[in-house]
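For reference, the structure is listed below as structure tokens.
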Amino acid sequence: MSAIHLSLVDTVLIVAYLVGVAALGIWFSRGIQSSKDFFLAGKSLPWWAAGLSLVVSDIGAKDMVGLAGDSYRYGLVMMNFDFIGCIFPVLIAAFLFMPFFWLAGVYTVPEYLGRRYNLGVRTFFAVIWVLFMVGTLGTIFVSAAAMFEALLGWNFWTSVLLTALLVGLYTAWGGLRAVVVTDALSCVILILGAGLICGLGLAEAGGWTDVKQAVAQMEWTEHHLKLLPPADHPVYPWPAVLLGLGFVLGPAYWIGNQAIVQRTLGTRTQNEARASYVFCAAIKLVFPILLVVPGLIALALFSKELGEPGADWDGNRVLPMLVVRLLPPGVLGLVMGAFFAGVMSNLDSYVNSASTMIVTDIYRPFLRPHASDRECLALGRWLVVALLLGGVAISYPVKAGFGSVFEAFQTFLSFFQGPLLALLLMGMLTRRATPWGGVAGMLIGVGTSITLTSAQWLFGLEGGVPFLWVAWWSFVAALGAVTLVSAVTRPHPTEQLRGLVCWLPANESRHP
């Protein structure tokens, strides 16, 4: 697949978008004078901007590239990552969990866990979240490189380094406010670009009916047109989709993901935080179509060139081929702008949130308990640079080790989302969960994840354990451990739990 030559119209559209986003981010970085301004936007975000930012904090370049590749491999089941794993969990987060993060006066999810359990639990999840976010930065860089190599002829490292430089400029300077404002613009561009790919692709394929007929006629696509594949499906059996995705990965992602929660903590009021979640859920209803259908279109049109998925198959080629083959001049510039939007919004969201956790949960508690606000602000900015460099370093191993960037992202999540959800549920819903129960749940849950993920090497289990089952059984193990150990250990005093457990209202509201 050779690189294409961008027309003058395409080039102008892309440059205009990049300059506009950078200028917007720099403009809204004015007035950043404290760590609260940098990490929580001075609690000044309007609900609509936070809601749009929530969408593109979740949906970005890794999803555009990764879901196209995985829907080519597995079909309509990939829509469940939004239908089952997003819409309902977002509403649960809005009306049950978000108020307690708000009233607890925290900057981060690990900070809440530290107050509810102990410093060990807080530190463990802060470290593991930071490592996950660095891995996620690597997947986003791989997504960018896959597109830029196909469309512009850039090599892998040129694509990665230029992307890191562009995002680092305004994220390091402007903090959360600049991130959310640029995300709001990116969300609109992303929806427009994804819609163009779907519309033009369906027109080329002859419509949705013709796409379904072409997919159904292939020998290896027996389950591609089923939202819930049979129980013997090698990667997405329906029980694992319902339990691992619907009950664990989806809720844990929207309740305990720092990149998500941080946006709502930056809004002006609890009601605006809740409204941002609801707005996000409404917008997300269209994304299963916009991101999954392109993979099936590619399967119908280009299956002879892309081939049948196997050990060496590269799913990251699917979306670039659609863009190269289907989009005329002018439209190509808009779609490239949408892809840049996805890259930049994902990168800025994760790098800002990782910086917040390092300062709040590691630097202040262990290294500089009396660090000044100015010192924390400066450190937060330098950490943005360091984290982007970490993502650059991990990007090539991610490219070499996974069939698609979406698979990489979900595999990283499955290592700890089950235990995280178990501790959040037990911590918020019952006063009986104890500090030692939290430690036990954390260690046993993550240990279960590591064991199941390594089953192919440890026990010779062919194909290993699908990551959705890893998420489910690690959640069950952590929940059991918290319950059993809490039954024989002493909980925190009731007064210490006020505002942290839903049955124990705080004596007075606390604000960060």
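The values are calculated or read from the model by the stated rules, or taken from the named source; none is laboratory data. All values derive from a computational prediction rather than experimental measurement. Reconstructed Cβ throughout: ideal geometry from the backbone, glycine too, with neighbour counts over all protein chains shown.
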Of those in segment 368-385 that are within 30 Å of A146 (Cβ to Cβ) and either among the basic types (K, R) or surrounded by 18 or more Cβ atoms within 10 Å (Cβ to Cβ) (or both), the residue modelled with the highest pLDDT is L383
Given the condition at pLDDT 90 or above, part of a helix (DSSP H, G or I) and of a type in the set (A, V, I, L, M), answer yes or no: does some residue in segment 185-199 qualify?
no
Scan segment 458-481 for residues that are farther than 16 Å from V446 by Cβ and either assigned to a helix (DSSP H, G or I) or without any contact (Cβ under 8 Å) to a residue 60 or more places away in the chain (or both) and report the count.
6
For the list (1) at pLDDT below 85; (2) among the aliphatic types (A, V, I, L, M); (3) touching a strand residue (DSSP E or B) at 6+ places or on another chain (Cβ under 8 Å), I need the number of the one condition that L265 fails.
(3)
Taking segment 135-167 and keeping residues among the β-branched types (V, I, T) and out of contact with any Leu (no Cβ under 6 Å at 6 or more places or on another chain) leaves T136, T139, V142, T158, V160, T163
Would you check if there is a residue in segment 361-375 being under 23 Å from M98 (Cβ atoms) and part of a helix (DSSP H, G or I)?
yes
In segment 65-89, what residues are among the aromatic types (F, W, Y) and either over 16 Å from the mean Cα position of the chain (by Cα) or surrounded by 24 or more Cβ atoms within 10 Å (Cβ to Cβ) (or both)?
Y72, Y74, F81, F88
Only residues that are within 20 Å of the chain's Cα centre (by Cα), part of a helix (DSSP H, G or I) and over 14 Å from G427 (Cβ atoms): list them for segment 97-123, please.
M98
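This table checks each residue for (1) modelled with pLDDT of 70 or more; (2) of a type in the set (S, T, N, Q); (3) in a helix (DSSP H, G or I); (4) more than 27 Å from G138 (Cβ to Cβ).
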| position | (1), (2), (3), (4) |
| --- | --- |
| H5 | no, no, no, yes |
| A49 | yes, no, yes, yes |
| V56 | yes, no, yes, no |
| D70 | yes, no, yes, no |
| N80 | yes, yes, yes, no |
| P89 | yes, no, yes, no |
| F95 | yes, no, yes, yes |
Every residue from segment 405-453 that is assigned to a helix (DSSP H, G or I), β-branched (V, I, T) and surrounded by fewer than 24 Cβ atoms within 10 Å (Cβ to Cβ)
T411, V439, I444, V446, T448, I450, T451, T453
Residue check for I358: surrounded by fewer than 19 Cβ atoms within 10 Å (Cβ to Cβ), part of a helix (DSSP H, G or I) and not small (G, A, S):
no
One residue is enough: does segment 215-233 have a residue meeting the conditions assigned to a helix (DSSP H, G or I), at pLDDT 80 or above and either in contact with a Lys or Arg (Cβ under 6 Å, 6 or more places away or on another chain) or surrounded by fewer than 24 Cβ atoms within 10 Å (Cβ to Cβ) (or both)?
yes
Among residues of segment 482-501 being in contact (Cβ under 8 Å) with a residue 40 or more places away in the chain and polar (S, T, N, Q), the residue farthest from F101 (Cα to Cα) is T489
With the requirement that a residue be among the small types (G, A, S), touching a residue at least 12 places away in the same chain (Cβ under 8 Å) and surrounded by fewer than 23 Cβ atoms within 10 Å (Cβ to Cβ), what does segment 281-297 give you?
A281
